[in-house]
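The values are calculated or read from the model by the stated rules, or taken from the named source; none is laboratory data. In this text, all values refer to a predicted model and were calculated from it rather than measured experimentally. Cβ sites come from the backbone with ideal geometry, for glycine too, and all protein chains shown count toward neighbours. SASA here: full protein model, heavy atoms, side chains in, ligands and nucleic acids out. Shrake-Rupley method; radii C 1.70, N 1.55, O 1.52, S 1.80 Å.
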Amino acid sequence: MKKYIYLLSTLFMIGCHSVNKYYQNDELIIYDIKDDFLLRSISLYNKEQLSEFKNSEIRGYRKNMIIILSKDLNDPNEKKYINHIFNDSHIYNEPISGFFINEKDTILVYSKKDCFINPWKYTAEFSSKMKVQLNDNESKYQQEDGSFLDFKNPYISNHSLYWKVEKNKLYKRTDGFDPFKFLYGNKNESGYDYDGKGDSLSLKIAKFN
């Protein structure tokens, strides 16, 4: 019996560690990208995939941001996957590792090797920037009577295929690719408590105007 309890305890500790280690970063990583082929691929993705959204009749499509998924972003032999997001809720449900700037655009990076930041530790400056560049569906707006309106912007879905960069080759179709193998995971399944902490960064509460 004691052996059984010890085994369960050990498995529990290993499980907790395997979850928690992924968001151990206290600060966002600012990447220095030296892979010119990857940067050219990002520019092409921006031109071919996102240009149609810039003047879309649907306002929610006009705000978007490119994301990169990779086990190791700085390894030229490691696969990189390119896509985009529309909503700021994405970076709280799926915490990022860091970012870099390419042609004045912010590119978000997800890398299990580099680990992820706990969303509570996003700075107010970064959170505010995301609310400007992406659809703000994390903030609720308080009325004078103390009640809250619904989220400012609706959630915009993205069903586009990921592009893949591998060994200086670009593949524009990745059927069957599962992005969740590269992401931290949904907040309800991945072991970090999010509720309520967003208020300190004004993520959920702002004065209605």
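The figures follow:
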{"read-out": "Cross-link pairs K129/K164; K54/K121; K47/K79; K113/K172 - those with Cα-Cα distance over 29 Å", "value": "K54/K121"}
{"read-out": "K129 paired with D32, simple spin-label distance in nm, labels 7 Å along Cα-to-beta-carbon", "value": "1.8 nm"}
{"read-out": "Label point distance in nm, L39-C115, each placed 7 Å from Cα along Cα→Cβ", "value": "2.9 nm"}
{"read-out": "Solvent-accessible area, 1.4 Å probe, carbon plus sulfur percent, for region 57-100", "value": "41 percent"}
{"read-out": "Under 9 Å, Cβ to Cβ, from V165 - net charge with Lys/Arg +1 and Asp/Glu -1", "value": "+3"}
